[in-house]
C-alpha cells in the first residue's frame, strides 16, 4: 500500500510554520467506464470537506473511517495544506475560505494539479483537463 499519506503527515509536521490540512472528498460519475484508467472521463462532484491539524490524524485508514461515518459516497480525496503564522496553526475559520476554493475548483472544472489526490486505496490520482 502507498505511504503517501503518512509522508504527507511527516512533511506537514516538519514545516517551518504549523499547518492545517484541508480535505475535500469527491465522487465521480464516469462517462466511459469501460476505458482504461488512464483514459477515463467523467464529472467530479464535491461531497464534503474538513480541515484537520496534522497531529489530529494518525493514518489514512482512520481518515477513511471518519469520512465514511458521515458519507460513504466519495471516491477520492483532494488534499491541500495551509500555513500558519508566527508559530500558530491556522484556525478552522481561517481554513473555511480555502475549503470553499477547493470546492469551487472542483465544481467549476478548474485545474486540480495543486492538490494531492488519493483514491480510497491511498493510490495517487492524476486529473487531466479537457
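The values are calculated or read from the model by the stated rules, or taken from the named source; none is laboratory data. Everything numeric here is computed off the predicted structure, so don't read it as measured data. Cβ: placed from backbone, ideal geometry, glycine included. Neighbour counts: every protein chain shown.
Take the residues in segment 48-91 that are touching a helix residue (DSSP H, G or I) at 6+ places or on another chain (Cβ under 9 Å) and farther than 25 Å from residue 14 by Cβ, then tell me which one is surrounded by the most Cβ atoms within 10 Å (Cβ to Cβ). Within segment 48-91, the match that is surrounded by the most Cβ atoms within 10 Å (Cβ to Cβ) is 74.
Can residue 99 be described as out of contact with any helix residue (DSSP H, G or I) (no Cβ under 7 Å at 6 or more places or on another chain), surrounded by 16 or more Cβ atoms within 10 Å (Cβ to Cβ) and in contact (Cβ under 8 Å) with a residue 60 or more places away in the chain? Outline the logic, then answer.
Details: out of contact with any helix residue (DSSP H, G or I) (no Cβ under 7 Å at 6 or more places or on another chain): yes; surrounded by 16 or more Cβ atoms within 10 Å (Cβ to Cβ): yes; in contact (Cβ under 8 Å) with a residue 60 or more places away in the chain: yes.
Judged against the criteria, residue 99 is a match.
When you check residue 112 against the structure, is it at pLDDT 95 or above, under 22 Å from residue 4 (Cα atoms), surrounded by 11 or more Cβ atoms within 10 Å (Cβ to Cβ) and in contact with a strand residue (DSSP E or B) (Cβ under 8 Å, 6 or more places away or on another chain), yes or no? Taking the combined requirement at face value, the residue does not satisfy it.
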